[in-house]
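Below are the structure tokens for one structure; questions will follow.
Since every read-out is calculated from the coordinates, none of them should be taken as a lab result. Just so you know, these numbers come straight off a predicted model, no measurement behind them. Cβ placement follows ideal geometry from the backbone for every residue including glycine, while neighbour counts extend to all protein chains displayed.
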Amino acid sequence: MSAGATARIRRPITAARRDAAIGTVGVVIALVVWELAARALEGGFALAAPTAVVASIVDNAGLLGRALAATGTTALLGFVIGNGAAVALGALAAAWPRSERTITGLALIVVCLPLVATAPLLRVLLGQGDGPSIALAALSVYYTTLIPLLVGLRAVPSTWLDLVQVAGRGPLTALVTVRARASLPYLAAGLQIAAPAAFLGAMVGEFTGAERGLGVLTIRAARDLDVDLTWALATIAAVISMAAYGLIGIIARRLAGGEPPTILAAPRLGSGRGRLRATLVGAGSAVIAAIVLWWGGIVAFDITPFVARTPIDVIGIVTGTRDGGETRDALLGALAETAVFVVPGYLAGLLAGLALAILVVLVPGTTGAVMPIAIALRSVPIVTTVPLIVLLLGRGPVGAIAITAVMVFFPTLVACLHGLRRAPGQVLDVMKVYATPAWRVLLQARIPAMLPAFFAAARMGVPAAVLAVTAAEWLATGTGIGALMALSASLSDYDVLAGAVVIVTVISAVGYALVGAIETRVLARYAPEQSG
Amino acid sequence: MEADRGVGVGVAVEVAVATKVYAGGTDALQATSLTLEAGRTTALVGPSGCGKSTLLRMIAGLEAPTAGRVTLDGEAPEVLQRRGELAVAFQDPSLLPWRSVAQNIELALDLARLPRNDDRVAELIALVGLDGFATATPAELSGGMRQRAAIARALVTAPRLLLLDEPFGAVDELTRHELARELPALWEGGGTTTLLVTHSVAEAVRLADRVIVLSPRPGRVIADIPITLTRPRGAESAEAAALERTVRDALEAGRAGTAAGQNAG
């Protein structure tokens with residue numbers, strides 16, 4: 001064929017270009033719909049139009065700029081500290097594998113801590129200033145970075161490790177020469193999620209009595225019913241989070257030479273009965289480590305008994321021996337109120353994420369466009385959406401359930417889209433050769449292949465739902481355990497606060513473990529290669 | 001073994017001046033024309049990356065040619081897809097991990113809208129040497145055993161056009177010989193048109209009625225060698241060795257021609 005003939009052949013439009021075009025059109029349509037809806041609801045104190053948001057940002061540019069600088073600085077410091085800790089502990093786990101279960105168990109406890117209670121506690125312990133915000137930002141990123149990093153440190157072909165071993169070198173050499181490089185894309189994936197998480201932590205820290213920052217402005221705008229400024233703040237937080245997410249992605253692609261992987265699950269260790277035993281040992285050692293850190297912290301920092309509650313104190317509170325069960329009953333009553341919001345919200349978020357993912361996959365061409373938007377929206381800090389949902393849906397049960405559902409929805413959507421695309425390409429080819437209709441491909445190949453990703457999202461959704469519902473109760477409904485924690489913090493009732501922290505953390509961790517147990521059974525059937 | 005729907009006539013395949021350019025500009029296949037006679041077995045050989053699998057995927061209707069056309073009995077591949085008359089086996093077994101061996105094979109009958117046929121499934125399981133593993137899941141099988149299950153899945157519908165993309169790659173040598181002895185009877189008995197993509201010249205000569213040799217990328221047909229050996233072709237023969245030499249010479253010539261072209265360029 002001549003060069004001219006070759007040139008006449010139509011070069012296919014790349015999927016990336018097509019998706020980008022679809023995505024751009026989608027964003028424009030969303031903005032137009034948003035503008036029209038806001039104009040239709042004008043006067044309802046619910047929805048600010050994009051033009052009003054832009055005007056508010058321009059009008060308050062100086063104020064917003066200073067607040068953004070303050071929150072950005074604390075978030076950045078927390079990001080560095082939390083990720084530094086995650087990298088150090090990840091390296092320790094790789095160099096000394098016996099420590100891994102304890103480290104991941106501790107990470108789970110940290111991610112299950114209710115920010116609504118830890119934020120005021122940190123304010124009391126660390127005083128005024130940026131300390132609590134930085135600490136919360138660090139705590140918020142620790143888990144999101146550690147888990148992908150551990151996956152990456154293990155994502156090394158066994159033959160590479162054999163080479164190190166044959167050369168007579170140990171785990172430390174393997175860590176430095178092989179595992180560290182192999183884990184880079186995974187570390188990058190963790191850092192991407194960590195960026196908005198740090199922002200979230202910093203803003204929650206600011207809610208509890210900081211003097212400046214986006215969190216302070218958010219509380220003020222919501223209290224003043226300044227709808228335009230509330231939406232402007234949420235927009236800024238979302239844009240900054242998405243920009244940080246994108247920027248880290250670009251740096252990661254340069255450094256690691258590829259797209260950061262989508263991490264859906266914590267690394268799985270061992271197999272069968274051995275894994276159960278090791279899990280129990282790991283959970284026990286993590287609980288012991290947490291108690292040592294807790295008690296050791298009280299002693300080391302000489303925390304006043306007015307604030308500090310030791311594990312023995314909390315056992316007294318929970319069993320009722322300390323005050324005749326008054327605090328325990330108050331906590332259980334509040335938990336019952338919370339359950340009414342968190343269970344439907346959690347399930348609604350899971351089902352909505354699953355349903356939209358299926359819908360998107362059934363409409364060819366939209367997956368590539370929806371995926372980046374979903375990933376971007378997943379990176380929006382939840383606390384910025386609470387005032388918006390309160391404005392839109394009010395302070396009642398519907399708003400609280402919606403906030404919980406939104407928190408669970410985006411990670412589920414991303415995981416399910418990823419899972420639905422996980423069906424091996426050649427299985428789909430085999431089905432195409434039989435002209436199998438899309439719905440049958442979905443039922444027989446895509447959905448079963450997606451189940452592991454769905455359950456990974458469901459597992460991670462447990463602490464996320466608890467965070468969301470407690471934030472909603474704190475900032476919106478004024479009921480349930482979230483409101484009780486906020487109230488007891490303002491009344492300096494540290495019995496209630498300590499009891500709430502422990503009970504909420506345990507419930508989150510147990511919920512996580514229960515969904516994890518279902519996930520293990522699902523993996524054994526639908527993804528045996530992942531079940532160890 | 002009789003086909004359940006009584007299909008006994010293979011499909012005539014025509015590839016007319018087909019070109020394939022992938023997104024990003026990779027020229028996989030260049031103005032390739034060939035015909036596959038109904039009921040005959042054709043082997044496609046060529047160096048890695050020459051477009052063999054692309055050609056097979058275009059015939060299967062899994063890829064559209066950038067230019068040119070592919071017809072099966074004068075119709076688009078999608079028409080045969082809808083009738084359940086095509087089957088394909090890839091180098092990757094592509095079994096569903098949550099289904100047993102028997103269920104994976106039955107899946108093809110189900111997808112082709114054919115009635116359940118336990119006897120045929122059991123017969124094929126035995127034929128590919130998986131007796132006793134009907135209820136095993138793919139995770140419980142070796143790579144070669146999974147591949148044999150995938151081959152059984154491709155055969156269970158007695159397709160009119162069977163497309164095999166290096167299906168014996170992961171199979172051990174002994175099983176490979178056994179399958180090469182047993183399988184042709186299956187597809188030839190049903191009059192199936194078979195296209196076998198392979199790297200093995202010996203396998204091509206042993207299984208096919210005709211060997212088509214593609215040049216290095218972008219692939220084009222550089223030799224079309226009829227295999228005149230009588231069947232069954234169990235034992236090695238001087239004639240087979242001579243044919244293998246002919247195919248290898250064509251491959252060498254293709255490589256040399258490409259190198260000369262590059263040097264001249």
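Using modelled amide H (1.01 Å from N, peptide plane; none on Pro or chain starts), what sits under 5 Å from the amide H of residue B:31, excluding residues fewer than 5 places away?
HN-HN under 5 Å from residue B:31: B:19, B:20.
Whole-Hz ³J(HN,Hα) for each residue in the range A:391-403, computed from phi via Karplus 6.51 cos²θ - 1.76 cosθ + 1.60 with θ = phi - 60°, x for glycine and proline: what do you get?
For the range A:391-403, the Karplus-derived couplings read 4, 6, 10, x, 9, x, x, 4, x, 5, 5, 5, 4 Hz, x marking Gly and Pro.
Can I ask one more? If contacts are Cα pairs under 8 angstrom and at least 6 residues apart, what is the relative contact order of chain B in percent?
It comes to 27 percent, rounded to a whole number.
Provide A:156, B:101, A:370, A:239 in ascending order of the number of other Cβ atoms located within 10 Å of each residue's Cβ, fewest first.
Exposure proxy ranking, most exposed first: A:239, A:156, A:370, B:101.
Going toward the positive end of the dipole of the range A:309-532, with +1 on Lys and Arg Cβ and -1 on Asp and Glu Cβ, which of A:511, A:474, A:457 do you reach last?
Positive-most Cα among the choices belongs to A:457.
Report relative contact order for chain A in percent, whole number only (criteria: Cα-Cα under 8 Å, sequence separation at least 6).
Contact order relative to length: 18 percent.
Could you list which residues have their amide H under 5 Å from that of residue B:211, counting only those 5 or more apart in sequence or on another chain, with H placed in the peptide plane?
The answer is B:43, B:225, B:227.
Determine which residues of the range A:200-234 fall in the zone a paramagnetic label at residue A:66 would reach in this model, i.e. backbone nitrogen under 14 Å from the point 7 Å along Cα→Cβ.
Residues A:211-214, A:216-217 qualify, since their backbone N sits under 14 Å from the label point.
Beta carbons within 10 angstrom, averaged per residue: use that to sort the peptides B:223-230, B:36-43, highest first.
Values: B:223-230: 14.0, B:36-43: 20.9.
Descending mean neighbour count gives B:36-43, B:223-230.
So, one more: So for the protein assembly as shown, taking the charge dipole from beta-carbon charges (+1 Lys/Arg, -1 Asp/Glu), which of A:499, B:253, B:70 sits furthest toward the positive end?
B:253
For a test of the definition: using alpha carbon positions, the gyration tensor, and the 1.5 limit on a/c, classify the range A:309-532 as rounded, prolate or oblate.
On the way: a/c = 3.50, a/b = 1.95, b/c = 1.79.
Prolate, since a/c reaches 1.5 and a/b exceeds b/c.
Still on this structure, please answer the following. Could you give the dipole magnitude of the range A:309-532 about its Cα centre, charging the beta-carbon of Lys and Arg +1 and that of Asp and Glu -1, in debye to the nearest 20?
The calculated dipole for the range A:309-532 is roughly 1000 debye.
Could you sort the peptides A:486-495, A:182-191 by per-residue average Cβ neighbour count (10 Å cutoff), highest mean leading?
The peptides rank, most packed first, as A:182-191, A:486-495.
Hey, how many Å between the Cα centroid of the range A:277-348 and the Cα centroid of the range B:86-109?
Going from one Cα centre to the other spans 51 Å.
Now for a different question. What average count of beta carbons from other chains do you get within 10 Å of the Cβ of residues in B:136-144?
Partner-chain Cβ atoms within 10 Å, mean over residues of B:136-144: 1.
Using a Förster distance of 35 angstrom, determine the FRET efficiency expected from the C-beta separation of residue B:9 and residue A:359, and round it to 0.05.
0.25
If you don't mind, another one. Quick one: net charge of residue A:235's neighbours, Cβ under 15 Å, K/R +1, D/E -1?
Once positives and negatives cancel, what remains is -4.
Taking θ = phi - 60°, what integer Hz values does the Karplus form 6.51 cos²θ - 1.76 cosθ + 1.60 yield along the range A:135-144, in sequence order, with x for Gly and Pro?
Each residue of the range A:135-144 in turn: 4, 5, 4, 5, 5, 5, 9, 4, 5, 4 Hz.
By per-residue mean of other Cβ atoms within 10 Å, what is the highest-first order of A:204-210, A:124-130?
Top to bottom by mean Cβ count within 10 Å: A:204-210, A:124-130.
Around residue B:52, what is the net charge, scoring Lys/Arg as +1 and Asp/Glu as -1 over all other residues with Cβ under 13 Å from its Cβ?
After counting each charged neighbour, the total is +1.
If you average the sequence gap of Cα pairs under 8 Å that are 6 or more apart and divide by the length of the range A:46-266, what percent do you get for the contact order?
29 percent
Note down the nm distance, to one decimal, between modelled labels 7 Å out along Cα→Cβ at residue A:211 and at residue A:32.
4.9 nm
Another question, if that's okay. Positive end of the charge dipole of the protein assembly as shown (Lys, Arg +1 and Asp, Glu -1 on Cβ, about the Cα centre): tell me which of B:102, A:92, B:213 has its Cα farthest that way.
Looking along the dipole axis, the top candidate is B:213.
Assuming a ≥ b ≥ c are the square roots of the Cα gyration tensor eigenvalues, decide whether chain B counts as rounded (a/c under 1.5), prolate (otherwise, with a/b larger than b/c) or oblate.
Verdict is prolate for chain B.
Here's a follow-up. Count, for each residue of B:18-31, the Cβ atoms from other chains sitting within 10 Å of its Cβ, then give me the mean as a whole number. Walk me through the numbers before you get to the answer.
Values: counts 0, 4, 1, 5, 3, 7, 3, 4, 0, 3, 0, 0, 4, 4.
Counting other chains' Cβ atoms within 10 Å and averaging over B:18-31 gives 3.
Right, another one. Taking 0.36 nm per intervening residue step and subtracting the Cα-Cα distance, what contour gain separates residue A:306 from residue A:326 on full extension?
5.3 nm
So who's got an amide H within less than 5 Å of the one on residue B:88, skipping anything under 5 residues away but keeping other chains? H placed 1.01 Å off N, in plane.
B:163
Restricting things to alpha carbons, find the Rg to Rh ratio for the range A:94-230 using the Kirkwood radius for Rh. The partial results should precede the final answer.
On the way: Rg = 20.0 Å, Rh = 17.2 Å.
In the range A:94-230, Rg relative to Rh is 1.16.
For chain A, what is the calculated [θ] at 222 nm in deg cm²/dmol (nearest 500), taking -39500 (n - 2.57) for each run of four or more DSSP H residues and dividing by its residue count? Display every interim value, and only then the final one.
Details: 23 runs with 409 residues, N = 532.
Here the helix-only value at 222 nm equals -26000 deg cm²/dmol.
Does the protein assembly as shown come out rounded, prolate or oblate, given a ≥ b ≥ c as the square roots of the eigenvalues of its C-alpha gyration tensor, rounded meaning a/c under 1.5 and, failing that, prolate meaning a/b above b/c?
prolate
Okay, next question. Taking the Cα centre of the range A:46-266 as origin and charging only Cβ (+1 Lys, Arg; -1 Asp, Glu), how large is the dipole, in debye to the nearest 20?
Details: 13 positive and 10 negative charges, 149 e Å.
The calculation lands at about 720 debye.
Label-point separation (nm) for residue B:238 and residue A:51, each offset 7 Å from Cα along Cα-to-Cβ?
Placing both labels 7 Å along Cα→Cβ, they lie 9.3 nm apart.
Using each residue's phi in the range B:105-120, evaluate 6.51 cos²θ - 1.76 cosθ + 1.60 at θ = phi - 60° and report the 3J(HN,Hα) Karplus result to the nearest Hz, with x for Gly and Pro.
Residue by residue, the range B:105-120 yields 6, 4, 4, 5, 4, 4, 5, 7, 6, 9, x, 4, 8, 4, 5, 5 Hz.
Evaluate peptide A:421-427: per residue, the Cβ atoms of other protein chains within 10 Å of its Cβ; return the mean as an integer. Before the final figure, lay out the partial values.
Details: counts 0, 0, 2, 7, 4, 11, 9.
Average neighbour count from other chains, rounded to a whole number: 5.
Give me the net charge of residue B:152's neighbourhood, meaning all other residues with Cβ under 14 Å from the Cβ of residue B:152; Lys, Arg count +1, Asp, Glu -1.
Working: positive: B:99, B:120, B:146, B:148, B:153; negative: B:106, B:118, B:119, B:123, B:131, B:178, B:182.
That sum, taken over residues with Cβ under 14 Å, equals -2.
Can I ask one more? Please give the charge dipole size of the protein assembly as shown, origin at the Cα centre, charges +1 on K and R Cβ atoms and -1 on D and E Cβ atoms. Round to the nearest 20 debye.
Working: 63 positive and 58 negative charges, 185 e Å.
About 880 debye.
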